[in-house]
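Below: the structure, in structure tokens.
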Amino acid sequence: MRIDVVTIFPAFFDVLEVSLLGRARGAGLLDIRVHDLRDHATDRHRTVDDTPYGGGAGMVMKPEPWALALDEIATLDEGEAADAASGPLFIFPSPAGERFTQATAREWSAEQHLVFGCGRYEGIDERVFAYAATIGRVRLVSLGDYVLNGGEVAAMAMIEAVGRLVPGVVGNPDSLVEESHEDGLLEYPSYTKPASWRGYDVPGVLLSGHHGRVAQWRREQQIERTRTRRPDLLAD
Ligand code: 6GU
């Protein structure tokens, strides 16, 4: 899978060189390319923002540098411009977007080419989204109901959630099956040795060697945890 990121803070993405995703990049499973939006500014001050029409606080990111950056990234291997069908999936992290979930991550993990456009300030000129929809598909996506300073940290979270679902990135695919949110429930609690530690004992059923009872206990724990911590998931 190819993933491009457009940002005015490329350094945010340096950590993609470590851990699981770093290894996946080294192995050629993920082709991640980070671009500095300022490289596409058209003035010598490398300006990427301006004051909002209609007034108001903060600055808005200008459309021209975005269009140049997205055009370059969406250009097909044959040098031709992409269209809505042949182009990448453009993802703009935004607190005003639809909610990102494990289902979204699953869906995106089957894509060939994702492009994350990270906005800063009060946002990106709205026309950029309309333009991007002519050279690919566009989604505005939020991590949750709180505000971050920009799309970078949100894009990192989404890249990790999607990247680990790309075949081969996680060594043992079994570990992807029993996770929180994969079956709509939170994950069951986990324990390792020693069986007794500082007065806390591992639940006896896990030491019983009885696979059926272990499976039943874990299921009960999943439901109970979800009921107390995330009742909204059961309502869905
Ligand atoms: Cl995707 N972006 C920003 N800026 N803030 C957020 C968010 C995204 N998701 C939650 N808060």
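A residue that is in a loop (DSSP other than H, G, I, E, B) and closer than 30 Å to Ser86 by Cα occurs nowhere in segment 205-219.
Entry remark, segment 40-63: residues being free of Cβ contacts under 8 Å to residues at least 24 places away in the same chain and of a type in the set (D, E, K, R) number 4 in total. Among residues of segment 155-193 being of a type in the set (A, V, I, L, M, F, W, C) and not in a helix (DSSP H, G or I), the one that is farthest from the ligand (Cβ to nearest atom) is Val177.
Which one is nearest to Asp31 (Cα to Cα) among residues in segment 124-137 that are surrounded by fewer than 21 Cβ atoms within 10 Å (Cβ to Cβ) and touching a residue at least 12 places away in the same chain (Cβ under 8 Å)? The selected residue is Arg137. Condition check for Leu165 on (1) buried (at least 16 other Cβ atoms within 10 Å of the Cβ); (2) at positive phi: one failure, at (2).
Tyr121 - would you say it is within 16 Å of the ligand (Cβ to nearest atom) and either of a type in the set (Ser, Thr, Tyr) or surrounded by fewer than 19 Cβ atoms within 10 Å (Cβ to Cβ) (or both)?
Details: within 16 Å of the ligand (Cβ to nearest atom): yes; either of a type in the set (Ser, Thr, Tyr) or surrounded by fewer than 19 Cβ atoms within 10 Å (Cβ to Cβ) (or both): yes.
Answer is yes for this residue.
Inspection of segment 71-90 identifies at least one residue that is modelled with pLDDT of 95 or more, under 14 Å from Met158 (Cα atoms) and touching a strand residue (DSSP E or B) at 6+ places or on another chain (Cβ under 7 Å).
Being away from the ligand (no atom under 16 Å from the Cβ) and in the same structural domain as Glu80 (by the TED database) narrows it down to one of Gly209, Gly136, Gly199, so name that one. Write out each step before concluding.
Details: Gly209 fails: in the same structural domain as Glu80 (by the TED database); Gly199 fails: in the same structural domain as Glu80 (by the TED database).
Among Gly209, Gly136, Gly199, only Gly136 is away from the ligand (no atom under 16 Å from the Cβ) and in the same structural domain as Glu80 (by the TED database).
Filtered by the rule that a residue be more than 15 Å from Val6 (Cα to Cα), outside any loop (DSSP other than H, G, I, E, B) and of a type in the set (Gly, Ala, Ser), segment 126-154 gives Ala130, Ser142. Among the residues making up segment 142-154, those that are in contact with a helix residue (DSSP H, G or I) (Cβ under 8 Å, 6 or more places away or on another chain) and either of a type in the set (Gly, Ala, Ser) or more than 6 Å from the ligand (Cβ to nearest atom) (or both) are Ser142, Glu152, Val153. Residue under question is Ala195, and the condition is that it be surrounded by fewer than 16 Cβ atoms within 10 Å (Cβ to Cβ), of a type in the set (Gly, Ala, Ser) and farther than 29 Å from Pro63 by Cα; does it hold? Yes; evaluated as a whole, the condition is true for this residue.
The values are calculated or read from the model by the stated rules, or taken from the named source; none is laboratory data. Since we're looking at a predicted model, the values are computed, not measured. All Cβ positions, glycine included, derive from the backbone under ideal geometry; neighbour counts span all protein chains shown.
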